[in-house]
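This report concerns only the one structure given below.
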Amino acid sequence: MKKLISMMVFFCLAALLLVACGDSASSVASSPAPSPSETVSQPESAGIPASAPESNSGGQNDVNAIFDAVLPAANLGATISLSDIDLTASGNISADDVEAMAGAQSNVYAENGGMLYVVKALPGAADRISAGFEGVKEGLLSQGENYKADFPVAYANIENTRIVTKGDYVVYAVSATGDFETLDAAIEAALANI
């Protein structure tokens, strides 16, 4: 029972790291992650447009295509969609650097929690977003230090987080099941056509 409570506290803190700093006029919506045939949209908040301008509509379409291709390999199971507010809440990523994004995380915590973000950075901002995701990973690892003996698989999954950048696209992925070989192949294939 103590382990279960400890892990729930750990993942609540991890979730708070991502959502704690949203502005007071915004709210975070929870819904199931989209199926590969659906698209992800974000509310117009934190400076990220709900739909990209016509000249940049390919950015959100590409983000959705990458997200849909990688999501099955992340094995997230039942998910909670992540918004631009979640993306920028850690303070590591600025909305001013983001053109388009899609994200989801497992709503099952303990040993089988995972997360996936796909971001199209504005020109020249991909390195800052990648560095921001490194900060998110380090924050989750720091929070998990107290629980890694009780939940070694979850801790190892966070340690093995994938942060992959290709051009203006950045993928942040934590496999819920630890199958990083399949996840790596999916990310590589999804980014090959960009």
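The values are calculated or read from the model by the stated rules, or taken from the named source; none is laboratory data. Everything numeric here is computed off the predicted structure, so don't read it as measured data. All Cβ positions, glycine included, derive from the backbone under ideal geometry; neighbour counts span all protein chains shown. Accessible surface is based on the protein model in full, side chains and every heavy atom, while ligands, DNA and RNA are left aside. Shrake-Rupley method; radii C 1.70, N 1.55, O 1.52, S 1.80 Å.
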Discussion item. Please count how many residues of region 75-92 are open to solvent by less than 10 Å² (accessible area, probe 1.4 Å) and out of contact with any Ser or Thr (no Cβ under 8 Å at 6 or more places or on another chain).
Written reply: 3
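Name the helices (runs of 4 or more DSSP H) wholly within region 93-194 that hold at least 1 residues that are open to solvent by less than 20 Å² (accessible area, probe 1.4 Å) and of a type in the set (S, T, N, Q)?
Details: elements: 126-144, 152-159, 180-192.
Output list reads 152-159.
Identify all residues within region 166-194 that are under 23 Å from Gly113 (Cα atoms), without any contact (Cβ under 8 Å) to a residue 40 or more places away in the chain and touching a helix residue (DSSP H, G or I) at 6+ places or on another chain (Cβ under 9 Å); write none if there are none. Please lay out each step first, then the result.
Of region 166-194, the ones under 23 Å from Gly113 (Cα atoms) are 170-188, 190.
So of that shortlist, the ones also without any contact (Cβ under 8 Å) to a residue 40 or more places away in the chain come out as 178, 180-181, 184, 188.
Listed by number, the residues that qualify are Gly178, Phe180, Asp184.
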